[in-house]
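Each remark here refers to the structure printed beneath this line.
The values are calculated or read from the model by the stated rules, or taken from the named source; none is laboratory data. Worth saying up front: this structure is predicted, and the values here are computed from it rather than measured. Cβ placement follows ideal geometry from the backbone for every residue including glycine, while neighbour counts extend to all protein chains displayed. Surface areas here come from the heavy atoms of the whole protein model, side chains and all, with no ligands, DNA or RNA. Shrake-Rupley method; radii C 1.70, N 1.55, O 1.52, S 1.80 Å.
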Amino acid sequence: EDQVTQSPEALRLQEGESSSLNCSYTVSGLRGLFWYRQDPGKGPEFLFTLYSAGEEKEKERLKATLTKKESFLHITAPKPEDSATYLCAVWPGGSNYKLTFGKGTLLTVNP
Amino acid sequence: IAGITQAPTSQILAAGRRMTLRCTQDMRHNAMYWYRQDLGLGLRLIHYSNTAGTTGKGEVPDGYSVSRANTDDFPLTLASAVPSQTSVYFCASSPGQGSRTGELFFGEGSRLTVL
């Protein structure tokens, strides 16, 4: 059974204080790992796709990296508007398009 | 472009009643999904459809049914609602092809309370 564990459950940062969120996974034959952002009362919004160990993707203050066992979402000099829940999901591939999501990390950035 | 439209946005329902949550997409995506999100449990897949005319069971399918008569619509039905089905329900779609398989587009959610 595919498993995704995110840590920490919650993270509080001061504006400008860089940090990283972790997503560790157990899946047979990872075909893709995905990061999403979810604001309160909204549906998740797609951020990144990572396909292979060593791959990196960047978007503004966010950078996602992937190893064979985990992914990190690095947040550089965060701003209050980066406050959200960040979700990680994995896809084992094949003809089945089901994703397995982690429980998320609630990030709060204080001004 | 609307993307994913869910209805209703919120509903209070008596236990034992039948309820259908509606979901429509205008992106011509192949795959569609229904997730429920509960505090402490995260997003859990209820049912999915890889393409029109096909459906499959997710992680928590009991008490729910779906149909996919065409590409755009993917309704979720609770035949006889129970309080444990109180949750926020999200519909999503994805191109379901190659590199964009995991790029899900989510609706705004339907908050359901079963009393």
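Before moving on, here are some points about what is shown:
- Taken residue by residue, the range A:49-70 has no member that is within 16 Å of B:G42 (Cβ to Cβ) and open to solvent by 60 Å² or more (accessible area, probe 1.4 Å).
- Boolean, B:Q11 is touching a strand residue (DSSP E or B) at 6+ places or on another chain (Cβ under 7 Å), within 18 Å of A:E45 (Cα to Cα) and touching a residue at least 60 places away in the same chain (Cβ under 8 Å): no
- Every residue from the range A:35-88 that is aliphatic (A, V, I, L, M) and in contact (Cβ under 8 Å) with a residue 40 or more places away in the chain: A:L73, A:I75, A:A77, A:A84, A:L87
- From A:P111, A:P8, A:P80, A:P44, residue being surrounded by fewer than 18 Cβ atoms within 10 Å (Cβ to Cβ) and closer than 30 Å to B:T5 by Cα: A:P80
- Residue under evaluation B:R18, criteria (1) open to solvent by 50 Å² or more (accessible area, probe 1.4 Å); (2) within 21 Å of B:L115 (Cβ to Cβ); (3) under 11 Å from the mean Cα position of the chain (by Cα), criterion not met: (3)
- Taking the conditions (1) at pLDDT 95 or above; (2) closer than 25 Å to B:T55 by Cβ in turn, A:V109 satisfies each one other than (2).
- Residue count for the range A:61-111, restricted to those that are away from chain B (no Cβ under 14 Å), among the hydroxyl-bearing types (S, T, Y) and in contact with a Ser or Thr (Cβ under 9 Å, 6 or more places away or on another chain): 4.
- Residue list for the range B:70-83, filter: open to solvent by 30 Å² or more (accessible area, probe 1.4 Å) and out of contact with any Gly (no Cβ under 8 Å at 6 or more places or on another chain): B:N70, B:T71, B:D72, B:D73, B:P75, B:P83
- Scan of the range A:1-32 for residues that are within 15 Å of the chain's Cα centre (by Cα) and within 24 Å of B:V88 (Cα to Cα), ordered by number: A:Q3, A:V4, A:T5, A:Q6, A:S7, A:P8, A:E9, A:A10, A:L11, A:C23
- Checked against the criteria, A:S28 does not count as part of a strand (DSSP E or B) and among the small types (G, A, S).
- Any hit, the range A:50-57, residues being hydroxyl-bearing (S, T, Y), within 18 Å of A:E15 (Cβ to Cβ), away from chain B (no Cβ under 11 Å) and over 10 Å from the mean Cα position of the chain (by Cα): no
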